[in-house]
Structure formats: structure tokens, C-alpha cells
Amino acid sequence: MTESLLALILVFAIIAASVALYTDELLSAVIAVGAVGFSGSIAYLLLGAPDLAITQIVVEVVSLVLLIRVTIGVGLRLTSGPSSRKRITAAGAALLAVFALFLISLKTFAAFGTPVMERIQGAPSVFYIERGLELTGAANLVTGVLLDFRAYDTLGEATVIFTAVLGGLILLRRKGRKNTGDSAEDAG
Amino acid sequence: MKNRSLITVTVSRWVSPFIFIYGLHLILYGHITPGGGFPGGVVLASSFILALLARGREAALQRLPYPLAKRLDATGAIIFLLTALAGLAVSGIFFENFLLEIIPGTPMRLISSGTVLVNNAAIGIKVCASVFLIMLFLSVLRVGEDEQIRTIEKEEG
Amino acid sequence: MLYYLTCLLFLIGVFGLLTQRNIVKLIISVLIIENAVNLFLVLSGYREGGAAPIITSVTSQSRISVVSVDPFPQAMVMTSIVIGLSVLALMTAIALRIYHIYGTYNIDEIAAKIREKKE
């Protein structure tokens, strides 16, 4: 039951993704990619990940605001024609290569419904589930993993957010620092 | 941008405190119910972003001034790092949950997880300030407008 | 089959990344790829009829290791989603700056303008 529902949601996401890439208006493309994100949120809910569902839905709203900020006020129609045939052929070859890699790597995965941790001896997840509450005190095991067992990852992630803020500040401040030589300012 | 819709302004003014409280709930109860520092932080930020979009930059900056946002950003990171270093100082392991031994609390209650709660709060503050700052920077540069004006002038002239 | 569907979503994203010529469309392709990878990771941790990895009572604590889905991919995907948001913010900032300078989102036109300027 869950599997067929998930398949339905994923097919919806695939259709939305195709619409997002091959529509002519940027604003509709942005809204279609929002549909991909929200269907992902529903899928997480079905997969037993309510934390992820909340995070995904909130992040998706903020990303939509960001993307609409990029497209609004700009001419909404696309000016570019279809891609050249040579480029499409090259892309198709790349896709075949990626798909072959996927098929090879899928051999190491169990069928859907059996988590990876059940097939591998001494997987860390088993330890996290069995002793998580006792060692971290957090009843939500995801938070326990995120902020206690694997807090290093969270530290790195905080660094990434900080870098994004810095990058945004540098890219978007109104006046650039005085720089010698050729600057980008006179190009507009 | 001056003639904002009365409905938008009023509704945003009423709704954003509730969004803020929901964000606080997600952060504080993140270790026992679904939620946590990341979604809580983004929800907190979105209450400010709502003010930014509906009532303009001045209204948003009135509620969360730019210097305060910058300081909150740094504060969250420093609290997170300090709890990690405190764990190193107390028990010799970076990110050790040292508070759990001092205050065990009862499982499935608010005070139950030692440093996880502190870290959650730190991450929440940091993410909130960061997302708000990014939106603020994006709202400063008005790219589309002058470009549009230029094309309109070209067409008319 | 679900793995193949996520792979198809991923391939759509890669194809868009390789063929589209508009910067906003490129950003959208990256978002699609990101969603596909996150979905794949969470799917790999699902247990048939599994419950969320949250302990709600003392009785559920004893059964959690048989019932719960894998919390580890979920934690990693949580990090990945937020990193995706900050990467998206950086990409939008770069796109806005490019539009500010060149007045277009089309890569070919930008390349032509750069070539023009060099000559």
C-alpha cells in the first residue's frame, strides 16, 4: 500500500520536474519545482520521517520565495531556443553512463522495505536505535543522532550556512570595494 | 511599493506571532517530538520574512534589526562551539553530552537530554538569523526594476 | 521500483543541467537532483510498515529496534536539506549579480557579451 502510494507521488514529482524544465515561462517553472519539493515532503511523511517532512515543507517555502525573487521583475518569457542536437546527444550519453552506474550500485542495496542496516553486520544505525535514548536522553532519535552522535556534521553544516551568508553579503552589497584593473561594474 | 494592500498588512501582522511561537515550539521540543533546530530556525526566520515581504524592509528591520541579526548569527555558532568545547574540557571528548550526567531529568520530558537542548537552541538561533540575513541581502539589490525601466524607456523613446 | 523512479527524477535533473541554457533553469535542475538524492537516501532506510524513530512511551522503547525505520539517513538528509537551502541562496545571489551585470539569464548571450568585451 505504502509502496504504490509512494510510486504515485514519485510519478507526480517526475511529471512536475519535466514541466519545470520544459515550460517556457520562468515563473511556472519555479512553481512546478515547488510541486516537486512538496511531493517530496508528503513522501517523507509516508516514509516515517516527520522531522524531514516539516523541514522540507518549510525550506521549500523559503526556496520558492528566493526563486520568485530571482524571476520577478525580469522578463518572464524565455529567449533561448532549443538546445543544439550535438549537446542533446552528449547529454543522452552522459545519462546512459549515470544510469549504468546506478544499476551497478543498486546491486548492493536490499529490496525496498528492508533497511540497509539489517543487511550489514554492526551497522551504526542499530547502535543508535538501541542505545540512543539511554546515551543522549533525546526521545527523538534523529535529533539524538544529529546533535550528539554526529554533531561534527552539524558543526560543518553551520559553517556552510555561515559561508552562504558571507557569500550573499559579498555578492549583493550595493557598492563593490574599490578594485584596481578591470572591474565588472562598467559592463552593465 | 507604498500602496500595500490593507488585507495583506493586517493578516501578516496577526499571523507572524503565531508562526514565531510555532518555531519556538519546534526548537524547544525538538528532542522529544518531530522538529529540531533546523526547521524551527527556518520557521522563526519565515515569521520575519513574512514581515519583510508584506510590510517592507523597514517593518522587518524594526522587529529584528540588522546588527542584532548579525550578532545572533555569531552567538548561535559560538554557543554551539562552546558546548562542544565544554564537553572536551569536562570529559575529554569533543561534543560529549556532559550535561546529561549532571541533570539526567526524566525521559520524554523537556529537561531530559542535556546538551542536545542547548545545541538545538543554538542551531535554531543561528539558522534563523542566517536565513533572515540572506533574504535581507536579496531584498537590498533591486535588479529587475531599473532594468525594466530601461527597456520601457527604450520602447517609448 | 521506487529506486528506479528516484533515479529517473535524478536523470531528468542531470539532463536539464546539461541541456538548458538559462541560469534559472539550471538552478531548478540542481534543486530536482537534490530532491531525488534525498528521496533515495530516505527510501533506503525504510522498513516495511515502519514507524518514525521517535520514542513516545516506555513500552515503545523496548520495541523500537524492531519497529523503527533507520534514523541515520534521516539525520544526514536533514543536514542535506538545510545545506541545499544555503546553496540555493548562494546560487540566487550569483544569478542576481549576473543579471545585474549582463542584463540576461541566458548563458549563450552572456558568453557573447564577454567575448564582445574582450575584443
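Give me the angle, in degrees from 0 to 90, between the Cα long axis of helix C:23-44 and the longest principal axis of the Cα atoms of chain C, rounded to the nearest 10.
20 degrees
Scaled to the compact-protein estimate 2.2 N^0.38 Å, what is the alpha-carbon radius of gyration of chain B, rounded to two decimal places? Walk me through the intermediate numbers first.
Details: Rg = 20.6 Å, N = 157, 2.2 N^0.38 = 15.0 Å.
After normalising by residue count via 2.2 N^0.38 Å, the value is 1.37.
Quick one: how many Å² of residue B:109 are accessible to a 1.4 Å probe, rounded to 10?
Using a 1.4 Å probe on the heavy atoms, I get roughly 150 Å².
Hey, what's the protein assembly as shown come to in accessible area per residue, 1.4 Å probe, Å²?
Ligands and nucleic acids excluded, the figure is 47 Å² per residue.
With +1 on each Lys and Arg Cβ and -1 on each Asp and Glu Cβ, how big is the dipole of the stretch A:108-175 about its Cα centre, in debye rounded to the nearest 20?
Details: 6 positive and 6 negative charges, 122 e Å.
My answer is approximately 580 debye.
Evaluate the relative contact order of chain A (contact order divided by residue number), counting alpha-carbon pairs under 8 angstrom at least 6 apart; express in whole percent. Walk me through the numbers on the way to the answer.
Details: 103 pairs, mean separation 21.6, N = 188.
It rounds to 11 percent for chain A.
Could you tell me the total accessible area buried at the C-A interface, probe 1.4 Å, in square angstrom to the nearest hundred?
Working: alone 8890 and 15120 Å², together 16080 Å².
Buried surface at the C/A interface: approximately 7900 Å².
Report, as an integer, the average count of C-beta atoms from other chains found within 10 Å of each Cβ along A:24-37. Could the numbers behind the result be given before it?
Numbers: counts 0, 0, 5, 1, 0, 6, 5, 0, 2, 8, 1, 0, 10, 7.
So the per-residue partner count for this stretch is 3.
Quick one: if you stick a label point 7 Å off each Cα along the C-beta vector at residue C:117 and residue A:96, how many nm between them?
4.0 nm
Given the whole protein assembly as supplied and a 1.4 Å probe, what does the accessible area of residue B:72 come to in Å², nearest 10?
Solvent-accessible area, nearest 10 Å²: 50 Å².
What order, most packed first, do the peptides A:40-46, A:3-9, A:98-104, A:134-140 have when packing is the mean number of other Cβ atoms within 10 Å of each residue?
A:134-140, A:40-46, A:3-9, A:98-104
Residue-wise, which Karplus ³J(HN,Hα) couplings in Hz belong to the stretch A:140-148, taking 6.51 cos²θ - 1.76 cosθ + 1.60, θ = phi - 60°, and x for glycine or proline?
Per residue, the Karplus-derived 3J(HN,Hα) values read 7, 5, 4, 5, x, 5, 5, 10, 10 Hz.
Rounded, prolate or oblate for the protein assembly as shown? Axes are the square roots of the Cα gyration tensor eigenvalues, ordered a ≥ b ≥ c, and the cut-off for rounded is a/c under 1.5.
It is oblate, given that a/c is not under 1.5 and a/b is not larger than b/c.
Working with all protein chains in place, sort A:85, C:97, B:4 by solvent-accessible area computed with a 1.4 Å probe, largest first.
On the way: A:85 205, C:97 50, B:4 90 Å².
Ranked list, largest accessible area first: A:85, B:4, C:97.
Roughly how far apart, in whole Å, are the Cα centres of the stretch A:99-124 and the stretch C:49-112?
Between the Cα centres of the stretch A:99-124 and the stretch C:49-112 lies a distance of 22 Å.
Apply the a/c threshold of 1.5 to the C-alpha gyration tensor of the stretch C:1-94 and tell me whether it is rounded, prolate or oblate.
Details: a/c = 5.61, a/b = 2.10, b/c = 2.68.
Oblate is the answer for the stretch C:1-94, as a/c is 1.5 or above yet b/c matches or exceeds a/b.
Can you pull the accessible area of residue B:118 for me, 1.4 Å probe, Å² to the nearest 10?
Residue B:118 has an accessible surface of roughly 50 Å² with all protein chains in place.
Ballpark to the nearest 100 Å², how much total accessible area do B and A bury together, probe 1.4 Å? Write down the numbers at each step before the final one.
Values: alone 10140 and 15120 Å², together 21720 Å².
Roughly 3500 Å².
At 222 nm, what helix-only mean residue ellipticity would the protein assembly as shown give, in deg cm²/dmol to the nearest 500, using -39500 (n - 2.57) for each DSSP H run of four or more? Write down the numbers at each step before the final one.
Working: 18 runs with 339 residues, N = 464.
So the helix-based figure for the protein assembly as shown works out to -25000 deg cm²/dmol.
If you place +1 on the Cβ of every Lys and Arg and -1 on the Cβ of every Asp and Glu, how big does the dipole about the Cα centre of chain A come out, in debye to the nearest 20? Don't skip to the end; give the middle numbers.
Working: 14 positive and 14 negative charges, 158 e Å.
Dipole of chain A, to the nearest 20 debye: 760 debye.
What FRET efficiency would be calculated for the residue pair residue A:134, residue A:112, taking the C-beta separation as r and a Förster radius of 41 Å, to the nearest 0.05?
Values: r = 31 Å, r/R0 = 0.75.
The computed FRET efficiency comes out at 0.85.
Tell me, what % of the accessible area of the protein assembly as shown is carbon and sulfur with a 1.4 angstrom probe?
Working: 14740 of 21990 Å².
Within the protein assembly as shown, the accessible surface is 67 percent carbon and sulfur.
Using θ = phi - 60° and the Karplus curve 6.51 cos²θ - 1.76 cosθ + 1.60, what whole-Hz ³J(HN,Hα) does each residue of the stretch B:115-121 get, with Gly and Pro shown as x?
Along the stretch B:115-121, the couplings run 6, 4, 5, 4, 5, 4, 4 Hz.
The values are calculated or read from the model by the stated rules, or taken from the named source; none is laboratory data. This structure is a prediction, so every number in the text was calculated from the model and none was measured. All Cβ positions, glycine included, derive from the backbone under ideal geometry; neighbour counts span all protein chains shown. Remember, those area values only see protein heavy atoms, side chains included, never the ligands or the DNA or RNA. Shrake-Rupley method; radii C 1.70, N 1.55, O 1.52, S 1.80 Å.
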